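Colleague: Before I ask anything, here is the structure I am working with.
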Amino acid sequence: MDTHIWKNIGPLSEIPVRGARRLCFGHEGKPIAVFRTGADTFFALIDECPHKAGPLSEGIIAGNTVTCPLHNWVIELDSGNVAAPDEGNARSLPVRVEGGELFVGLPVRELA
Amino acid sequence: MNMIANPLEHLVVIGNGMAGMRTVEELLKRDGAAKYRITVFGAEPHVNYNRIMLSSVLAGDKTIDDIVINTHEWYAENGINLITGDAVTDINRSIRTVTSASGLTVQYDKLLIATGSKPLAPPIPGLGMPGVCAFRDIADVDKMLDAARTQKRAVVIGGGLLGLEAAWGLKQRGMSVALVHLMPTLMERQLDAPAAQLLQRDLDRRGIAFFTEGQTEEITGTTHAEGVQLADGRFIPADLVVLAIGIRPNIDLAKACGLEVNRGIVVTDDMRTSDPDIFSVGECVEHRGSVFGLVAPIWDQAKVCAARMAGDINALFAAQALSTMLKITGVDVFSAGALTAADEADDEITLRDDNRGMYKKIVIRDGKLVGSVLYGDVSDGQWYLQLMRDKTDVSELRDRLVFGRAFAEAGSAVSTGPDFAAMADDTQICGCNGISKGTICCAIKDKDLTTLSEVRAHTKASASCGQCTGLVEGLLAFTTGVTTEKKIPAICDCTTAGHDEVRAAILAQSLKTMDAIRETFGWKKPDGCHKCRPALNYYLLCAWPGEYVDDSRSRFVNERVHANIQKDGTYSVIPRMWGGMTTPAELHAIASVAEKFQIPSVKVTGGQRIDLLGVKKEDLPAVWADLNAAGMVSGHAYAKGLRTVKTCVGSEWCRFGTQDSTGLGIKLEKMCWGSWTPHKVKFAVSGCPRNCAEATIKDMGIVCVEAGYDILVGGNGGIDVRVTDPLTRVATEDEVMEYAGAFMQVYREEAHYLERTAPWIDRVGIDYVKKRLVDDAEGRAALNARFLYSQSFAQSDPWAERANGTDAHEFARMPELV
Ligand code: SRM
Ligand SMILES: Cc1cc2nc3c(=O)[nH]c(=O)nc-3n(C[C@H](O)[C@H](O)[C@H](O)COP(=O)(O)OP(=O)(O)OC[C@H]3O[C@@H](n4cnc5c(N)ncnc54)[C@H](O)[C@@H]3O)c2cc1C
Ligand code: SF4
Ligand code: FES
C-alpha cells in the first residue's frame with residue numbers, strides 16, 4: 001500500500017544539472033526542495049538546514065551532497081544526514097520519474 | 001513515592017561549567033552511565049560552553065554558538081538531567097540532599113562540587129552601578145557588547161591575562177580603551193619586566209592607553225558609570241568599566257555545609273573533599289596548597305575524579321608545570337615556571353631583539369630548565385615546557401638552549417622538530433581547547449583522519465588561536481606514518497595540489513574545464529566540493545577570458561543570484577553609485593522600489609551607497625528591472641570582484657582638494673566594475689592627504705597631492721586592519737588608470753582564491769609588486785592590456801540580464817502540475 005501522495009512538479013529539464021529548486025507547496029508547514037546531481041539523480045529534502053534552517057536549495061551541489069549556503073554544513077542528499085563532524089538530519093522525501101516528469105512523494109499519516 | 005528502587009547511584013553535579021562537565025564526559029567515556037544516573041545544576045541559564053573562548057566572542061572572532069561544548073541534545077542523549085538557571089543554595093550532608101534556589105531538593109549518592117570561582121572586586125565605591133561588570137560569563141560579555149554598540153569609552157581595571165583580553169576585545173569592537181593596572185608592569189605574574197614592556201609597547205601601538213601603577217579609588221557616576229578616579233589624582237572618563245583584577249574560588253556552599261575549606265575547597269590527590277562522598281574539581285578546589293586558574297590542570301583533575309567515581313582506586317592527581325599564552329591575535333606571549341633567577345646559583349639566559357619585538361629568556365637550576373618567558377616568537381614554548389615537566393638534564397644544551405630547539409639539537413643525533421614518540425599522551429598540544437596529544441592521536445586512529453581540517457573538526461585542536469597548527473600537523477604525520485614535509489597547503493581536501501600549481505598547469509597544459517583539471521591532478525571526488533569548485537571556476541575564468549563559460553553551479557549563492565543572502569533567506573540589493581555620487585532621480589527610483597516591494601530596510605552602507613535589505617527572492621528580477629529603468633546597475637556588493645570606489649568631494653568643492661578625486665574615482669569604477677577577482681576589491685580616492693575617503697585601508701588607494709597622485713596598495717579594514725604600502729607617485733590620471741588596471745590583473749592572475757590583496761602582498765612582499773608594476777613599464781602595460789581585454793567580456797550588467805529572463809528558474813519556485 002502506498003502511503004504517499006505523489007505530486008507532479010513537471011519536466012526534469014526544469015531543474016539545472018547540479019542545481020536545485022524550491023517548490024510552491026510545502027510539507028507540514030516546511031518548504032521542500034528538489035535537487036539534481038551531476039550524475040542526473042534526483043532527490044527531495046525539506047528545504048531547511050538542520051543547523052539554522054538555511055535554504056539548502058541555494059547550496060552548492062557536489063556528488064550526492066549539498067553544502068548549506070549559510071554556514072557550510074554538508075548534507076547528504078539521499079538520507080538527509082548531515083556529514084560529520086556536524087550532526088543532524090534534513091528530512092528526505094521520496095521522488096520518482098515518470099515519462100520525463102518528476103514526482104515528489106509526501107508521506108500520509110495513517111488514520112487508525 | 002517511588003515504588004521501585006532505582007538500581008543506579010545518583011550523581012549530582014553542582015556547576016555546569018568546564019570542570020564539572022569535563023568530569024561528566026570523562027565518566028561517560030568510562031561507561032559511567034552503567035553506574036550512575038546524573039543530575040546537573042547550573043546557575044547560568046545556558047548549556048556548558050567554552051569559557052576560555054569568551055575572549056574570542058568579545059573580539060568578534062567567534063559567536064556564542066561556536067563556543068557551546070555540549071548541546072541540549074547531548075545532555076538528553078546521555079540521559080543527563082540538566083537544570084539550568086537554578087543555583088544550588090544548600091547541601092545537607094546528613095540526609096545527603098541538595099536544595100536549589102527554586103526550592104528543588106534532590107537526594108544524592110555522590111556529589112560533585114564544581115562551582116568555579118568568582119571575580120574579585122576591589123573595595124571601592126561605585127561597584128554596583130550599571131556600566132560596571134566583570135569578565136567571567138556570557139552575561140558579562142553581553143553587557144560588554146551592548147556597551148560597545150551604543151557607547152564609546154571603556155576602562156578595564158586589571159592588567160593580567162583576562163584584563164588584557166577584555167581590553168583587546170573591546171578595542172576590536174570599536175571602543176576607545178584604557179587599562180588601569182596596579183603594578184608597574186603588565187602580567188607581572190607571568191612575565192618579567194622586559195617581556196612585559198614589549199607587550200605594553202605593542203598594545204599601546206594598537207591603541208590601548210595604559211595607566212600602570214594606577215590604584216583605583218572610586219568608580220564615579222550617579223546613575224551610570226562615568227569614570228574611574230585614581231588615587232594619584234588621574235581621572236579617566238568611561239561609559240563601561242570592566243573589573244578583571246583576579247578571581248577567588250567559589251567555596252560558599254562547601255563552607256556552609258562544613259566541608260574543610262581554606263583558600264579553596266580542600267581536596268586530596270583523589271579529588272575527594274573531607275567528605276568521601278563529595279568530590280570537587282576546578283577553580284573552586286585547593287590541592288596541596290595550590291589553587292587553579294587555567295584549564296590544563298583542571299582537565300587532569302576531571303580525569304582523576306571520573307576514574308575514581310568509576311571505581312578506579314589508583315588514579316591520583318598531581319599538578320604539573322603550567323604555561324600561559326595570551327589570546328590576542330598577532331601578540332605572541334609564552335610563559336612557564338620561574339620568571340627570573342631565584343639566587344646566584346640559578347642561570348638566567350636572555351636573547352633580545354627590540355627591533356623585531358622578540359625576547360627570550362630561560363632559567364636553569366641544577367642543570368634543569370625551570371622557567372621560560374618568550375615574546376614575539378613562541379614556537380619553542382611547548383618544547384621548553386616539556387623539558388621542564390620531564391626535568392630533563394639540559395647541561396649539555398645550555399649554551400644553545402635559548403636559541404630554540406632547531407638550533408639546540410642541530411649536530412646531536414636527535415632530529416629537529418618535536419619528538420612525538422617520546423611525548424607523553426597527556427602533553428597538552430592545544431592550550432585554548434585543552435587538547436592533549438592522546439586525544440588527537442586517538443581521534444586520528446579511531447576516525448581515520450588524514451587531514452588537518454578533519455583533525456580540527458573532530459577534536460577542535462588548533463581550531464581557535466591556531467598557534468599549535470604546526471604541532472597538530474606533526475602529530476598527524478607521526479600518527480598516520482605519512483611524512484608530510486612542510487607542504488604547500490592544498491586547495492581543499494579533494495586534492496593535494498596547491499593553488500599555484502593548478503594555476504600554472506591551467507596555462508601550461510591549456511586546461512580549459514574543471515574536469516580536465518581534476519583529471520590532471522587526480523581529484524578524489526569527481527565533482528569536487530564547495531571549496532574547490534568556486535576556486536577552479538575563477539581560475540579558468542581568469543585564464544581564458546571570453547572562452548571559458550562561467551559555471552553558475554560552482555558559485556556561492558550570492559554570486560549566482562547576484563544579491564546577498566541574509567540569515568532569514570531573503571536578499572539584499574545594492575545598486576552601484578559611481579564614486580558615491582547619486583542624483584535625485586536615482587533616489588526617487590530607490591524610494592519607489594522600496595515602497596512598491598515593501599522592502600523592510602533601506603540603509604546607507606559603509607561603502608557610500610544604499611542597501612535595500614530583506615527583498616524576497618521571487619521579487620529580485622522585478623526590483624532590478626525597476627532600478628535598471630532608472631539607469632542603475634548591480635553594485636556587486638556580493639561579488640568577489642570590484643565592490644565600491646569611495647571618493648571624497650575633492651577639488652570640485654573642498655577648500656583643501658588638490659585634484660578631482662570624485663571624477664577619478666568614477667573613472668576607476670567605470671573601468672574596473674564587473675571584473676571577477678580572487679576576493680573582493682575596494683578602491684578609494686582622497687583629494688588630499690587628510691584622506692577623508694580612507695584610501696589607506698583599501699585594496700588600492702589613491703591620495704591626491706599637489707604634484708599628482710600617490711598610489712597605495714594592499715590595505716584592508718576588516719578583521720586584521722592593514723595599512724596600505726606606498727607603490728609609487730604619478731603625475732597624471734592616465735598613469736593612475738594604467739597602474740590600476742595592471743594591479744588588478746597581477747592580483748587576478750597570481751593571488752590565491754579567497755586571498756585579499758592584503759594577505760597576498762604580505763605573502764609575496766611589496767617589493768615583488770613594485771618589481772612587476774613600477775620597475776617594469778612594459779610588463780605593466782601588458783598587464784593593463786590583459787585586464788582591459790578581459791573586461792570587454794565582463795562588463796554586462798547581471799541584473800539587466802536576469803530582469804530579461806536569464807536563469808529564470810533561479811527565481812521562481814516549481815509549481816504542482818495538475
Ligand atoms: C552592507 C555593508 C555594511 C553596511 O551596512 O555598511 C557590508 C555588509 C557585509 N559585509 Fe562588509 N559591508 C560593508 C562594508 C564593509 C567595509 C567598509 C568599506 O568597504 O569601506 C569593510 C572594511 C573594509 C575592507 O573590506 O577592507 C567591510 C569588511 C567586511 C569583511 C572583512 C573583510 C576582510 O578582509 O577582513 C567581511 C567578511 C568577508 O568578506 O569575508 C565583510 C562581509 C560582509 C557581508 C558580505 C557578510 C556576509 O557574508 O553576509 C555583509 C553583507 C550584507 C548584505 O547582505 O548586504 N565585510 N565591509 C557594507 C557594504 C558596502 C557596499 O556598499 O558595498
Ligand atoms: C574570559 C576568560 C578567558 C580565559 N582564558 C583562559 C585561557 O586562555 N586558558 C586557560 O587555561 N584558562 C582560561 N580561562 C580560565 C578557565 O575558563 C577556567 O579555568 C575554567 O572555566 C574553570 O572551570 P570551572 O568549571 O572550575 O569553572 P567555571 O567554568 O566557571 O564553571 C563553574 C560553573 O558553576 C556554576 N555555579 C557556581 N555556583 C553554583 C551553584 N551554587 N549552583 C549551580 N551552579 C553554580 C557557575 O555559574 C559556572 O557556570 C579563562 C577564563 C575567562 C573568564
Ligand atoms: S580629502 Fe578631505 S580635505 Fe581633502 S579634498 Fe577630500 S574632503 Fe577635502
Ligand atoms: S543553517 Fe545551514 S549550515 Fe547553518
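Colleague: List the pairs whose first member sits in segment A:1-20 and is touching a residue at least 40 places away in the same chain (Cβ under 8 Å) and under 13 Å from A:Gly105 (Cβ atoms), whose second member is surrounded by 12 or more Cβ atoms within 10 Å (Cβ to Cβ) and of a type in the set (D, E, K, R), and whose Cβ atoms are under 8 Å apart, counting only residues at least 6 apart or on separate chains?
Modeller: Once the first residue is touching a residue at least 40 places away in the same chain (Cβ under 8 Å) and under 13 Å from A:Gly105 (Cβ atoms) and sits in segment A:1-20, its partners that are surrounded by 12 or more Cβ atoms within 10 Å (Cβ to Cβ) and of a type in the set (D, E, K, R) give A:Trp6/A:Arg96; A:Lys7/B:Glu816; A:Asn8/A:Glu101; A:Asn8/B:Glu816; A:Ile9/A:Glu101; A:Ile9/B:Glu816.
Colleague: Restricting to segment B:350-366, name every residue that is surrounded by 14 or more Cβ atoms within 10 Å (Cβ to Cβ) and either in contact with a helix residue (DSSP H, G or I) (Cβ under 7 Å, 6 or more places away or on another chain) or basic (Lys, Arg) (or both). First the steps, then the outcome.
Modeller: Let us first name the residues in segment B:350-366 that are surrounded by 14 or more Cβ atoms within 10 Å (Cβ to Cβ), namely B:350-352, B:357-365.
Scanning segment B:350-366 gives B:Arg352, B:Gly357, B:Tyr359, B:Lys360, B:Lys361, B:Ile362, B:Ile364, B:Arg365.
Colleague: Within segment B:483-541, can you find the residues that are outside any loop (DSSP other than H, G, I, E, B) and either exposed (fewer than 13 other Cβ atoms within 10 Å of the Cβ) or modelled with pLDDT under 90 (or both)?
Modeller: If the condition is that a residue be outside any loop (DSSP other than H, G, I, E, B) and either exposed (fewer than 13 other Cβ atoms within 10 Å of the Cβ) or modelled with pLDDT under 90 (or both), then B:Ala490, B:Asp500, B:Ala504, B:Leu507, B:Ala508, B:Glu519 are the ones that fit.
Colleague: While we're here: Could you list, in sequence order, the residues of segment B:784-818 that are over 22 Å from B:Ile574 (Cβ atoms), facing another protein chain (nearest Cβ under 10 Å) and buried (at least 18 other Cβ atoms within 10 Å of the Cβ)?
Modeller: B:Met814
Colleague: Which one of the conditions (1) surrounded by fewer than 19 Cβ atoms within 10 Å (Cβ to Cβ); (2) assigned to a strand (DSSP E or B) does B:Pro125 fail to meet, given that it meets all the rest?
Modeller: Among (1) surrounded by fewer than 19 Cβ atoms within 10 Å (Cβ to Cβ); (2) assigned to a strand (DSSP E or B), B:Pro125 violates only (2).
Colleague: Pick from B:Val645, B:Val633, B:Val615, B:Val623: which is within 16 Å of ligand 3 (Cβ to nearest atom) and not acidic (Asp, Glu)? I'd like the intermediate steps shown before the answer.
Modeller: Working: B:Val633 fails: within 16 Å of ligand 3 (Cβ to nearest atom); B:Val615 fails: within 16 Å of ligand 3 (Cβ to nearest atom); B:Val623 fails: within 16 Å of ligand 3 (Cβ to nearest atom).
Being within 16 Å of ligand 3 (Cβ to nearest atom) and not acidic (Asp, Glu) holds for just one of B:Val645, B:Val633, B:Val615, B:Val623, which is B:Val645.
Colleague: Name the residue that is modelled with the lowest pLDDT, counting only residues in segment B:560-611 that are of a type in the set (Lys, Arg) and not in a strand (DSSP E or B).
Modeller: B:Lys567
Colleague: What do you reckon, is B:Glu669 within 14 Å of chain A (Cβ to nearest Cβ) and either assigned to a strand (DSSP E or B) or away from ligand 4 (no atom under 16 Å from the Cβ) (or both)?
Modeller: Answer is no for this residue.
Colleague: Do you know which residues across segment B:643-659 are surrounded by fewer than 24 Cβ atoms within 10 Å (Cβ to Cβ) and within 40 Å of the chain's Cα centre (by Cα)?
Modeller: B:Val649, B:Gly657
Colleague: Follow-up. Scan segment B:760-783 for residues that are exposed (fewer than 15 other Cβ atoms within 10 Å of the Cβ), among the charged types (D, E, K, R) and more than 36 Å from the chain's Cα centre (by Cα) and jot them down.
Modeller: Listed by number, the residues that qualify are B:Asp775, B:Asp776, B:Glu778.
Colleague: Of the numbered conditions (1) away from chain B (no Cβ under 11 Å); (2) within 23 Å of B:Cys532 (Cα to Cα), A:Val66 satisfies every one except a single condition; which is it?
Modeller: All conditions pass for A:Val66, except number (1).
Colleague: Here are some residues: B:Arg51, B:Arg96. Which one is among the basic types (Lys, Arg), away from ligand 1 (no atom under 16 Å from the Cβ), more than 14 Å from every other protein chain (Cβ to nearest Cβ) and touching a helix residue (DSSP H, G or I) at 6+ places or on another chain (Cβ under 6 Å)? Give the steps one after another, and end with the answer.
Modeller: Numbers: B:Arg96 fails: touching a helix residue (DSSP H, G or I) at 6+ places or on another chain (Cβ under 6 Å).
On inspection, the qualifying residue turns out to be B:Arg51.
Colleague: Another question about this same structure. Would you confirm, using the coordinates I've provided, whether A:Phe43 is facing chain B (nearest Cβ under 9 Å), under 14 Å from the mean Cα position of the chain (by Cα) and among the aromatic types (Phe, Trp, Tyr)?
Modeller: Considered against the rule, which asks whether it is facing chain B (nearest Cβ under 9 Å), under 14 Å from the mean Cα position of the chain (by Cα) and among the aromatic types (Phe, Trp, Tyr), A:Phe43 comes out as no.
Colleague: Same structure again: What pairs come up if the first residue lies in segment B:632-656 and is free of Cβ contacts under 8 Å to residues at least 24 places away in the same chain, the second is away from ligand 4 (no atom under 16 Å from the Cβ), and their beta carbons are under 8 Å apart, counting only those six or more places apart or on different chains?
Modeller: Qualifying pairs under 8 Å: B:Glu652/B:Asp660; B:Glu652/B:Thr662; B:Glu652/B:Gly663.
Colleague: Same structure again: Kindly indicate which of B:Ser94, B:Ser56 is within 31 Å of the chain's Cα centre (by Cα) and either outside any strand (DSSP E or B) or within 22 Å of B:Lys327 (Cα to Cα) (or both).
Modeller: Matching residue, one of B:Ser94, B:Ser56: B:Ser56.
Colleague: Let me spell it out: the conditions are (1) more than 16 Å from ligand 1 (Cβ to nearest atom); (2) surrounded by 17 or more Cβ atoms within 10 Å (Cβ to Cβ), and B:Ala33 meets all of them except one. Which number is the exception?
Modeller: So the condition that B:Ala33 fails would be (2).
Colleague: Give the residue, chosen from B:Thr89, B:Thr23, that is more than 14 Å from chain A (Cβ to nearest Cβ), in a helix (DSSP H, G or I), more than 16 Å from ligand 3 (Cβ to nearest atom) and hydroxyl-bearing (Ser, Thr, Tyr).
Modeller: The match here is B:Thr23.
Colleague: Here's a follow-up. Scan segment B:693-706 and give yes if some residue there is crowded, with 21+ Cβ neighbours inside 10 Å, in a loop (DSSP other than H, G, I, E, B) and among the hydrophobic types (A, V, I, L, M, F, W, C), otherwise no. Working first, answer last.
Modeller: The first filter runs over segment B:693-706 and keeps only residues crowded, with 21+ Cβ neighbours inside 10 Å, leaving B:693, B:695, B:698-704.
Subset that is in a loop (DSSP other than H, G, I, E, B): B:693, B:698-699.
When the remaining residues are screened for being among the hydrophobic types (A, V, I, L, M, F, W, C), the result is B:693.
For segment B:693-706, residues crowded, with 21+ Cβ neighbours inside 10 Å, in a loop (DSSP other than H, G, I, E, B) and among the hydrophobic types (A, V, I, L, M, F, W, C): present.
Colleague: Considering each residue of segment B:564-576, count those that are more than 8 Å from ligand 1 (Cβ to nearest atom) and either closer than 19 Å to B:Ala622 by Cβ or surrounded by 22 or more Cβ atoms within 10 Å (Cβ to Cβ) (or both), and give that number.
Modeller: So the count comes out to 5.
Listed here are the residues, each with its yes/no results for (1) surrounded by 18 or more Cβ atoms within 10 Å (Cβ to Cβ); (2) on the phi > 0 side of the Ramachandran plot; (3) within 7 Å of chain B (Cβ to nearest Cβ).
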position: A:Glu14; (1), (2), (3): no, no, yes
position: A:Arg18; (1), (2), (3): yes, yes, yes
position: A:Cys49; (1), (2), (3): yes, no, no
position: A:Leu77; (1), (2), (3): yes, no, no
position: A:Ala83; (1), (2), (3): no, no, no
position: A:Gly88; (1), (2), (3): no, yes, no
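Colleague: State yes or no: is B:Arg555 within 36 Å of the chain's Cα centre (by Cα), surrounded by fewer than 22 Cβ atoms within 10 Å (Cβ to Cβ) and either within 14 Å of another protein chain (Cβ to nearest Cβ) or within 16 Å of ligand 4 (Cβ to nearest atom) (or both)?
Modeller: Judged against the criteria, B:Arg555 is a match.
Colleague: Another question, if that's okay. What are the residues in segment B:671-699 that are under 27 Å from B:Ala59 (Cα atoms) and away from ligand 3 (no atom under 12 Å from the Cβ), if any?
Modeller: B:Pro678, B:His679, B:Lys680, B:Val681, B:Lys682, B:Phe683, B:Ile697, B:Lys698, B:Asp699
Colleague: Which of the residues belonging to segment B:517-537 are away from chain A (no Cβ under 11 Å) and under 28 Å from the mean Cα position of the chain (by Cα)?
Modeller: B:Ala535, B:Leu536
Colleague: With the requirement that a residue be outside any loop (DSSP other than H, G, I, E, B) and touching a helix residue (DSSP H, G or I) at 6+ places or on another chain (Cβ under 7 Å), what does segment B:302-318 give you?
Modeller: Across segment B:302-318, the qualifying residues are B:Ala302, B:Lys303, B:Cys305, B:Ala306, B:Met309.
The values are calculated or read from the model by the stated rules, or taken from the named source; none is laboratory data. Keep in mind it's a predicted model, so treat the numbers as computed, not measured. Note that we place each Cβ from the backbone using ideal geometry, even for glycine, and neighbour counts take in every protein chain shown.
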